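Undergrad: Structure in C-alpha cells, see below.
The values are calculated or read from the model by the stated rules, or taken from the named source; none is laboratory data. Just so it is clear, the structure is predicted and the values come from calculations on it, not from any experiment. Counting neighbours? That spans all protein chains shown, and the Cβs are built from the backbone with ideal geometry, glycine included.
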Amino acid sequence: MKILVIRLSSIGDIVLTTPVVRCLKKQLGAEVHFLTKKSYYSIVSHNPYIDKVHLYGDERDKMMNKLKQENYDLIIDLHHNLRTFIIKMQLGKKSYSFNKLNIEKWLLVNFKIDRLPDVHIVDRYMDTCKALGVTNDNEGLDYFIPEKDEVDIATLPEGFQNGYVAWVIGAKENTKQFPNEKITNILGTTQMPVILLGGKEDRGNAKTILRHLEKRPNLYDATGQYHLNQSASLVRQAKLVITNDTGLMHIAAAFRRKIISIWGNTIPQFGMYPYYGLNHYAVNKIFEVSDLPCRPCSKIGRDSCPKGHFKCMKEISEPGIIFDATSMFEKD
C-alpha cells in the first residue's frame with residue numbers, strides 16, 4: 001500500500017503529525033510519502049517512517065505530475081483546506097481528511113461558547129486513520145536530527161556545559177510572545193544558565209532583554225545563530241525548556257523535555273498543548289490567565305491585542321514561573 005500524507009505547514013503542526021506517519025508505517029507496513037512546503041523539508045527529511053518527501057511550491061503542475069505518477073492507494077489529508085482539496089480532486093484517489101473543528105473554534109473565539117472536545121490534536125489526527133484500523137501507539141511525537149546538525153555542548157560558553165534552560169522567546173504572532181519586560185524581570189531574579197532561542201527576527205527582542213541584564217552571568221543569546229535542527233538539538237540537551245505556544249514547544253515534547261509553556265491569546269483547550277503520549281512522562285507546567293473573558297481572541301494569534309491591554313500575557317505570574325523553573329531545573 002502506498003499512502004500520501006499531506007500537511008503543508010507549520011513547524012508545530014508537522015511535528016504533531018508524526019504519530020500518524022509512524023503508525024501508518026508500522027501497523028500497515030505502508031510506503032508513506034509526505035507532502036509539505038519546501039521551508040519545512042528539514043523537519044521530515046530524516047524521519048525513518050517517511051519513504052519520500054514531496055514539496056508543495058510554485059511549480060504546481062510539475063508537482064502534480066510527480067504525484068500522479070506515484071499512483072497512490074489513498075491520501076491522508078491532515079491539512080484540509082482548499083489547496084489540499086484541489087490536490088485530492090486532481091489525484092482522484094480515496095482520501096481521509098482531518099476534522100479541523102473550525103465551527104467549534106469559531107464559536108469559542110467569537111462567542112465564548114465551548115463546544116470543543118477534550119481531545120488532543122494528535123488523537124484527532126489519529127482519528128483520520130481509524131477507518132484503516134490504525135490506532136495510536138501512544139509513543140508520543142518524533143523528531144529526528146541528522147548528526148551533522150547536532151550541537152556539541154562543548155562549543156557553548158563554559159557556564160552552559162553542565163546544564164541550562166532553553167528559553168524560546170519567539171513566536172509567529174505577537175500575541176503569543178511573552179513580553180520582554182516580564183522575561184527580563186524573571187531572568188533578573190534567577191541565576192540559572194539560560195540560552196535564549198529564536199530566529200533572526202527575534203534578535204531585537206533578545207538584545208533588549210540582554211541590555212537590561214548586562215551584569216547577569218550565564219545568559220547566552222543564541223537567537224538567529226542556529227537553524228531549526230540545531231535549535232532542536234539545543235532543546236534536546238536542555239534540562240528545562242520555557243516556551244511560548246510555538247513549534248519548538250512541540251519539538252521539546254518530542255524529546256520528553258521538562259516544559260514550562262506560556263499561553264497568551266491562544267489556549268490549551270484548542271488541543272495543542274505539549275504531548276508526550278501515554279507511554280512517556282515528563283513534567284509539564286502551563287501558565288495562562290484562564291479567567292480572562294476576552295480570551296481566546298483568535299485561534300492562531302494576532303499582531304496586537306484587540307483590547308489594547310494584553311492582559312493575557314501581562315497578568316501571568318512571574319513568581320510562579322520563577323518558583324517552578326527553579327524547582328524543575330534543580331530536580332533530576
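Undergrad: Please count how many residues of region 285-332 are in a strand (DSSP E or B) and either out of contact with any Asp or Glu (no Cβ under 6 Å at 6 or more places or on another chain) or of a type in the set (F, W, Y) (or both).
TA: 2
Undergrad: Something else about it: Tell me, which residue of region 290-315 that is at pLDDT below 95 and loosely packed, with under 13 Cβ neighbours inside 10 Å is nearest to the chain's Cα centre (by Cα)?
TA: S290
Undergrad: Residue check, I209 against (1) over 20 Å from T175 (Cβ atoms); (2) assigned to a helix (DSSP H, G or I); (3) among the aliphatic types (A, V, I, L, M), all met but one. Which one?
TA: So I209 meets the others, but not (1).
Undergrad: If I go through region 143-158 residue by residue, how many of them are free of Cβ contacts under 8 Å to residues at least 60 places away in the same chain and assigned to a helix (DSSP H, G or I)?
TA: Count: 5.
Undergrad: In the list G170, G140, which residue meets the criterion of being touching an Asp or Glu at 6+ places or on another chain (Cβ under 9 Å), closer than 21 Å to I43 by Cβ, outside the structural domain of R22 (by TED's automatic domain parsing) and not in a helix (DSSP H, G or I)?
TA: Every option except G170 fails the conditions.
Undergrad: List the residue pairs whose Cβ atoms are under 7 Å apart, where the first residue sits in region 114-135 and is more than 18 Å from S298 (Cα to Cα) and assigned by TED's automatic domain parsing to the domain that holds F98, the second is assigned to a loop (DSSP other than H, G, I, E, B) and small (G, A, S), and the two are 6 or more positions apart or on different chains.
TA: From region 114-135, the pairs are V119/G271; H120/G271; R124/G271.
Undergrad: Hey, can you tell me all the residues within region 173-186 that are touching a residue at least 12 places away in the same chain (Cβ under 8 Å), assigned to a helix (DSSP H, G or I) and over 18 Å from the mean Cα position of the chain (by Cα)?
TA: Residues satisfying the conditions are N180, K182, I183, T184, N185, I186.
Undergrad: Moving on to the next point. Considering each residue of region 217-262, count those that are assigned to a loop (DSSP other than H, G, I, E, B) and more than 24 Å from D152 (Cα to Cα), and give that number.
TA: Count: 2.
Undergrad: When you look at G204, is it surrounded by fewer than 18 Cβ atoms within 10 Å (Cβ to Cβ), more than 23 Å from the chain's Cα centre (by Cα) and of a type in the set (G, A, S), yes or no?
TA: no
Undergrad: Of the residues N244, N265, which is buried (at least 24 other Cβ atoms within 10 Å of the Cβ), of a type outside the set (A, V, I, L, M), at pLDDT 95 or above and within 13 Å of the chain's Cα centre (by Cα)?
TA: N244
Undergrad: In the same structural domain as E288 (by TED's automatic domain parsing), within 18 Å of the chain's Cα centre (by Cα) and buried (at least 21 other Cβ atoms within 10 Å of the Cβ): is that true of L228 in this structure?
TA: For L228, the condition - in the same structural domain as E288 (by TED's automatic domain parsing), within 18 Å of the chain's Cα centre (by Cα) and buried (at least 21 other Cβ atoms within 10 Å of the Cβ) - is not met.
Undergrad: Restricted to region 47-61, and to residues that are surrounded by 16 or more Cβ atoms within 10 Å (Cβ to Cβ) and either under 13 Å from V21 (Cα atoms) or among the charged types (D, E, K, R) (or both), which residue is nearest to the chain's Cα centre (by Cα)?
TA: Once the filter is applied, the top-ranked residue is N47.
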